[in-house]
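K.L.:
Have a look at the structure that comes next, please.
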Amino acid sequence: RFHNVDDNDLMAHRNAIFYDGICKGRDGFGLTPFVGTNACWRREVLREIGGFVYGSVTEDTLTSNEIHRRGFISKYAAEDLCFGEAPVSVAAAMLQRQRWAKGAVMNGMKIFKRAAEEKKNAMVARRRGEIDEFFEYRRHGRRPNNAIVRAMFWLDSTLYPLLGLAAYIYIFVAL
């Protein structure tokens, strides 16, 4: 949360729809996205995915997408435990949201590409080691069977910047 948001919150810095709606809803599926600096990761999870995933302007959500794709779950604590500073001008807020939108599309494409490569490698592989089988068993033991829900959340997280375009078209048509 941000400490410098007034009661009017004209620039929607509270992100109430995201934090109070989307995060709480995804928590029920164990698929809460990691955004910002207020999160804890288990070393075992980060070790298995090779550490934080870089290569995006929003590497925090890219890492959480990869963790969910690998079958781990996440939990959401609806508590304000740390505070940041919101952008103080409209221009700065728009730059922040532009970065979020760009990162969402970049992350979705990276996760899709990585998943396709792993699917191809799995089909090519002929023999599996005991350690791989052990980790796959443990991973599936932690995750409910929610592939369709994960795909819906991935599409929502990836395409939301593009879906906002329709709202601008409706406004333009009305004007």
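K.L.:
With respect to Gly30, is the statement that it is more than 21 Å from Val53 (Cα to Cα), small (Gly, Ala, Ser) and modelled with pLDDT of 85 or more true?
P.N.:
Judged against the criteria, Gly30 is not a match.
K.L.:
Kindly establish whether Arg128 is under 16 Å from Asn65 (Cβ atoms) and at pLDDT below 80.
P.N.:
Values: under 16 Å from Asn65 (Cβ atoms): no; at pLDDT below 80: yes.
Here the answer is no, as Arg128 does not meet what is asked.
K.L.:
Open to solvent by 30 Å² or more (accessible area, probe 1.4 Å) and assigned to a helix (DSSP H, G or I): is that true of Lys113 in this structure?
P.N.:
Taking the combined requirement at face value, the residue satisfies it.
K.L.:
Would you point out which residue out of Leu81, Leu62 is part of a loop (DSSP other than H, G, I, E, B) and aliphatic (A, V, I, L, M)?
P.N.:
Only one candidate qualifies: Leu81.
K.L.:
Could you please give the count of residues in region 91-110 that are open to solvent by less than 90 Å² (accessible area, probe 1.4 Å) and modelled with pLDDT of 85 or more? Lay out the reasoning, then the answer.
P.N.:
Of all residues in region 91-110, those open to solvent by less than 90 Å² (accessible area, probe 1.4 Å) come to 91-93, 96-97, 100-101, 103-108, 110.
Going one step further and asking which of them are modelled with pLDDT of 85 or more, we end up with 91-93, 96-97, 100-101, 103-107, 110.
Going through region 91-110 one residue at a time, the tally reaches 13.
K.L.:
Identify all residues within region 34-48 that are free of Cβ contacts under 8 Å to residues at least 60 places away in the same chain, open to solvent by less than 100 Å² (accessible area, probe 1.4 Å) and not in a loop (DSSP other than H, G, I, E, B); write none if there are none.
P.N.:
Glu44, Val45, Leu46 - these are the residues of region 34-48 that are free of Cβ contacts under 8 Å to residues at least 60 places away in the same chain, open to solvent by less than 100 Å² (accessible area, probe 1.4 Å) and not in a loop (DSSP other than H, G, I, E, B).
K.L.:
Any chance you could count how many residues in region 84-105 are more than 17 Å from the chain's Cα centre (by Cα), part of a helix (DSSP H, G or I) and of a type in the set (Val, Ile, Thr)?
P.N.:
Residues meeting the conditions: 1.
K.L.:
Based on this model, can you work out whether Val88 counts as surrounded by fewer than 12 Cβ atoms within 10 Å (Cβ to Cβ), of a type outside the set (D, E, K, R), out of contact with any Gly (no Cβ under 8 Å at 6 or more places or on another chain) and touching a residue at least 24 places away in the same chain (Cβ under 8 Å)?
P.N.:
Yes.
K.L.:
To continue, here is another question. Would you confirm whether any residue within region 1-13 is closer than 14 Å to Tyr76 by Cα and either open to solvent by less than 70 Å² (accessible area, probe 1.4 Å) or polar (S, T, N, Q) (or both)?
P.N.:
no
The values are calculated or read from the model by the stated rules, or taken from the named source; none is laboratory data. Everything numeric here is computed off the predicted structure, so don't read it as measured data. All Cβ positions, glycine included, derive from the backbone under ideal geometry; neighbour counts span all protein chains shown. With ligands, DNA and RNA removed, areas are computed over all heavy atoms of the protein, side chains included. Shrake-Rupley method; radii C 1.70, N 1.55, O 1.52, S 1.80 Å.
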